[in-house]
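The values are calculated or read from the model by the stated rules, or taken from the named source; none is laboratory data. Every value quoted in this text rests on a predicted model; they were computed, and no experiment measured them. For neighbour counting, all protein chains shown are included, and Cβ atoms are generated from backbone atoms with ideal geometry for every residue, glycine included. The protein model used for the area step is the full one, side chains on, heavy atoms only, and it has no ligands, DNA or RNA in it. Shrake-Rupley method; radii C 1.70, N 1.55, O 1.52, S 1.80 Å.
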Amino acid sequence: MNRHEPTSGRWPRCDRTVAWSALQGHAEAHGHALDLRQLFTDDPDRAQRLSLQAPEVWADLSRAHWDVATRRHLLDLARECGLEARRDALLRGDIANVTEGRAALHTALRAPKGAVPFGAHMGEQVHAELDRMLAFAEGIRARAGGDQPGDIHDIVHIGIGGSDLGPQMVVAALAAWVHPRLRVHFVSNVDGQDIAALLPRLKAQHTLFVVASKTFTTQETLANARTARQWFTEQGGTDIARHFVGTTTQVTTAAAFGVTTTFGFWDWVGGRFSMWSSIGLPIALAVGADAFRELLAGAHAMDRHFADAPLDANLPMLLGLLDVWQRNFMGYRSRCVVPYSQNLHRLPAYLQQLVMESNGKGVDVDGQPLPYATSDVVWGEPGTNGQHAFFQMLHQGSDVVPVEFILVRQPSHRDAEVFSPALRASLVQQHQVLLANALAQAQALMHGKTFEQALSEAAPTASPVVPCEVIARHRTFPGNRPSLTLLLDRLTPSALGALVALHEHRTFVSGAVWGINSFDQWGVELGKALCQDLLPRLDSGDVSGLDAATAQLITRLR
Ligand code: F6P
């Protein structure tokens, strides 16, 4: 087949397959009646049977609302939809992003030097740019915190969306690896309060601005970069080439903007898949070349797993198929990601873009409207904080929301050696409390609490004037609420790389089943275009031709 032809047309639409009909029948007969408590009673091996080890990530899928028969039908669906062939086409660099005529080869960014693991020949340019970027990062790190002009203390990364969320998430996640004399800040919002709050804390001669934009046309990023440059020159800064670095596919546009020190990448790297490219520069600056290479290696290990593991032992495949089952057959509209790791506090935001910008589509690759639902809503916050916010709804609300627990067995504390033994023991104990909370929440979701149990318990904080039966009804938990658990041994660069790659592939899998292009994002265009029209109207007050609601708001804003 021609490498540049779309691969999707050869496969039937998912809802026209035999497996889809079988899944519908299965859902009607069993799906909505699945009771997790009963499933575990009926099958004492269920936990092991539905758990899986992938590189760096162990997954327990046994508390999801599915059973072995569901999995069998989903694997049939994968075969009928040609998922293995589609995966192979993606990995070898066929045109996966059909509407923009591009490959989606983020996997090539993390392939080892000299290797052509999946048949994609991108290696030399990738490693040349990677080596250049890492050498630059090491040069900055070697003099970080120094007194000489040009020695860097603060890195300000300016970017948005895929040019922000990945680096921001990773730098927070790998806090224990961050250079102790470097502070890394992220500015993304066009709201000037974002950058204005930061600038007074900086010294121009010790600050490096990284302007990250695949297109170098993004309104927010250019606005913040202009403000940063204005501030820099007002502070007496002159050496823009040393204090401003661009990471972009458009090095000429960046140079025209005045950013001449650049690290490039390629149009076959999608924005939300770009943290492995030069967009990852702040990661390399923060954690160093070795840790950055480990991050890539962890992702590559997951790529290999995705490429090589048989369907029924392939974690990204199974998770992507489970997503389809939960969305299209169980009718769950959202999923809640709860990392029990403060360092992963930006992961839910990162996954929101990855999943919802990739799979929030209403037409198939040929532009035909889809009669079935696609992306669910992804949301979440770290545990235990979420427990004191939205877990009430997860336990007793009217919607069933599958919860994804992400656990890290051992904490990584920065500078742990400087803590006293007593302090270290205290932190170890806090980690145990954290893990116990995660286990308890998953247990509570599954088991719930019956009315009889609630009635038999004391409720010391309940009002004495409300009958016990009424209180017991408020204290009843339905249970049978699904969850899954992903477990990392430690939150190392390699484990994080694997975790992110797992989610990238999982997202591709569900998108491939739905027959959509997971690599474009036309849905962000309309608002951008309308903004260009409205911006001058805010100045001029011209509301001619506008709808009444917008016109009224413009008048009030003025
Ligand atoms: O929000 C749309 C989007 O195009 C994202 O896909 C992208 O990650 C982000 O804007 C930033 O784009 P750029 O890197 O070109 O500035």
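So, in the range 461-518, how many residues would count as being polar (S, T, N, Q), in contact (Cβ under 8 Å) with a residue 24 or more places away in the chain and over 30 Å from residue 86 (Cβ atoms)?
3
For residues in the range 136-175 being free of Cβ contacts under 8 Å to residues at least 60 places away in the same chain and assigned to a helix (DSSP H, G or I), which is nearest to the ligand (Cβ to nearest atom)?
Per the criteria, the residue is 139.
Name the strands (runs of 3 or more DSSP E) wholly inside the range 178-295 in which the number of residues that are away from the ligand (no atom under 15 Å from the Cβ), over 30 Å from residue 121 (Cα atoms) and charged (D, E, K, R) is 1 or more.
Filter on the range 178-295 gives 183-187.
Assuming residue 41 fulfils every condition listed in (1) at pLDDT 95 or above; (2) under 18 Å from residue 322 (Cβ atoms); (3) assigned to a helix (DSSP H, G or I) apart from one, which condition is it?
(2) is the only condition that residue 41 fails.
Specify the residue that is most open to solvent (accessible area, probe 1.4 Å); the eligible residues are those in the range 443-491 that are β-branched (Val, Ile, Thr) and under 26 Å from residue 401 (Cβ atoms).
450
Of all residues in the range 297-312, count the ones that are surrounded by fewer than 21 Cβ atoms within 10 Å (Cβ to Cβ) and either touching a residue at least 60 places away in the same chain (Cβ under 8 Å) or of a type in the set (Lys, Arg) (or both).
7
When you go through 96, 89, 111 one by one, which is the residue that is assigned by TED's automatic domain parsing to the domain that holds residue 331, buried (at least 20 other Cβ atoms within 10 Å of the Cβ) and more than 30 Å from residue 331 (Cβ to Cβ)?
Exactly one of 96, 89, 111 is assigned by TED's automatic domain parsing to the domain that holds residue 331, buried (at least 20 other Cβ atoms within 10 Å of the Cβ) and more than 30 Å from residue 331 (Cβ to Cβ), namely 89.
Only residues that are surrounded by fewer than 24 Cβ atoms within 10 Å (Cβ to Cβ) and part of a helix (DSSP H, G or I): list them for the range 509-526, please.
522, 523, 524, 525, 526
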